[in-house]
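The values are calculated or read from the model by the stated rules, or taken from the named source; none is laboratory data. From a predicted model like this one, the values you see are computed outputs, not experimental measurements. Please note: Cβ atoms are built from the backbone with ideal geometry, for glycine as well, and neighbour counts cover all protein chains shown.
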Amino acid sequence: MESHAPLPLEEKLAATWPPTAWQDLTLLVAVSGGADSVALLRALTAVPGGGSGRIHAAHFNHHLRGAESDADQAFVMELCHGLGVACQVGHAAGSLAEVPGTGLEEAARAARYDFFRQAAERLGARYLVTAHTADDQAETILHRVIRGTGVAGLAGIARVRSLGPAVSVIRPLLGVRRGEVLAYLEELRQPYRRDSSNDDLRFTRNRLRRELLPQLAAEYHPGVVDALLRLGTLAGEVQAVVDARVEELAERCVAVDAQGVSVDLSRLAAEPRYVVRELLLAVWRRQGWPLQAMGFAQWEQLAEMARAGGGPAAVAAWKRTFPGSVAARSGDGQLRLQRPAATPATGTPPSACRS
C-alpha cells in the first residue's frame, strides 16, 4: 500500500509507542477485521521502525457466523498480504456454544486468547497488541458498575497485562476514541468488516453500547464517556497504592509451601479491611485457585476469618471451605489455606504472594 504523511492517529500511536523502544521487538497484532483492529494494524505498519523486530498479525475464526466468519478471515488475510505482514490464522475446535460451565462470549474469548498466546510463543513475540479503545474502556467500566465491582474493577481494562510467562497483552489505543479510528480509516479509504453479532441486543455489552450509553449521554450527561474514563483513571491510581501495600504485606506475612499457604495474621491486625481482602485476593490469584465463584460475600467471610483468627478473642479455630474446594482455617494467629491435591493449582507457587 502507498505511503503517506503521518495522520493524527499514527502520531498519537507513535507518542505512546516510541520506535526506539520497540524496534527490536517482535509483535503479534490481533486483527478481527473490524474497524479498530484494522486501524491498529495500518497505524503500526505506518509508524517508522527498523531494527530486528517484526510485526505479525493473528486472526481467530470462531466459526459462529457461517460464511460471514469465513469472509472476515479472507478479508484479514488479503489486508495482511497487501501490507506485507505475515498472518497467523486459528480456528475454533468444535462448537463454542457447547463448552460446559461457560457462556458463549466467555468460551469464545478463552479460545481466542489461547490461540493468540500459543502463536506469540511460537513466533517469539513479546507482546500481543490488541485494539481496545477509550470507548471500550468506558463500556467496560459501566458494565462493571452495573454488575457490581470493587476499586480494581473500576480501573477498567489494563494497558498491559500478562498472558503467559513470555507474553504480555498491550493496548496502545486505550487513549483513542472510536470516532478517531473511523476518521483515520476514512482518510485512508481503508475498508473494514462489520460484525453482525454487534447488533445482537441479547448481549449485555451491545445493549450498553447501543442503548444505555447513548441514553445517558442524551438525557443525563453528554460527557458520560469522559466521566467514566476519569473514574477509571482515578480508580487505577488508588488501586496502585493498595497494590503496593499488598505486595509489601505479602513479603512479610505470606508463606507458601507444598501443603498450601500460611498468612501471619498478627501483621494484619492494623490493616484496613479492604487491604486484607485485596491481600487474600492476591493469594488466590497467585495460587491459580478459582476466582469466578468468589463473590463479595465470600471475600468478606474470608477477611472476617483473618481478623478474628488473629485477635485475642480467638478461642477456637474457625474452619470453612470456599469455592474450588479451598479449605481455610484460622486460629493461633495464622490463616491456613489449602486445596486438595485432586484439584491442583496451575503453575508453580511462588515463595511469597505478590499482587
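For this structure, a couple of remarks:
- Inside the stretch 292-328, residues that are at pLDDT 85 or above and part of a loop (DSSP other than H, G, I, E, B) make up a count of 5.
A quick yes/no check of all residues on (1) modelled with pLDDT under 85; (2) farther than 21 Å from SER196 by Cα:
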{"position": "GLU2", "(1), (2)": "yes, yes"}
{"position": "PRO8", "(1), (2)": "no, yes"}
{"position": "ALA14", "(1), (2)": "no, yes"}
{"position": "ALA35", "(1), (2)": "no, no"}
{"position": "ARG42", "(1), (2)": "no, yes"}
{"position": "ASN61", "(1), (2)": "no, no"}
{"position": "LEU79", "(1), (2)": "no, no"}
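- Residue match in the stretch 264-275 (condition: surrounded by 15 or more Cβ atoms within 10 Å (Cβ to Cβ) and part of a loop (DSSP other than H, G, I, E, B)): yes
- Looking across the stretch 230-262, just one residue is part of a strand (DSSP E or B) and either under 26 Å from ASP135 (Cα atoms) or in contact with a helix residue (DSSP H, G or I) (Cβ under 6 Å, 6 or more places away or on another chain) (or both), and that is VAL261.
- Here the stretch 44-57 is the region considered, the condition is being surrounded by 14 or more Cβ atoms within 10 Å (Cβ to Cβ) and part of a loop (DSSP other than H, G, I, E, B), and the residue that is modelled with the lowest pLDDT is GLY49.
- Any hit, the stretch 203-223, residues being assigned by TED's automatic domain parsing to the domain that holds ALA303, farther than 19 Å from ARG177 by Cα and of a type in the set (Val, Ile, Thr): no
- Screening the candidates LEU231, LEU291 for the property of being surrounded by fewer than 19 Cβ atoms within 10 Å (Cβ to Cβ) and farther than 30 Å from ASP332 by Cβ yields one hit, LEU231.
- Conditions (1) surrounded by fewer than 19 Cβ atoms within 10 Å (Cβ to Cβ); (2) under 30 Å from VAL263 (Cα atoms); number of the one not met by VAL246: (1)
- Within the stretch 218-242, residues that are aliphatic (A, V, I, L, M) have Cβ atoms under 6 Å from residues that are in a loop (DSSP other than H, G, I, E, B) in these pairs: ALA235/ALA155, counting only partners at least 6 apart in sequence or on another chain.
- Qualifying residue in the stretch 18-25 (condition: among the small types (Gly, Ala, Ser), at pLDDT 85 or above and not in a loop (DSSP other than H, G, I, E, B)): no
- Contact map, the stretch 125-142: first residue touching a residue at least 24 places away in the same chain (Cβ under 8 Å), second residue assigned to a helix (DSSP H, G or I) and of a type in the set (D, E, K, R), Cβ cut-off under 7 Å, separation 6 or more or different chains; pairs are ALA131/ASP36; THR133/ASP36; THR133/ARG178; ASP135/ARG178; GLU139/ARG205; GLU139/ARG209.
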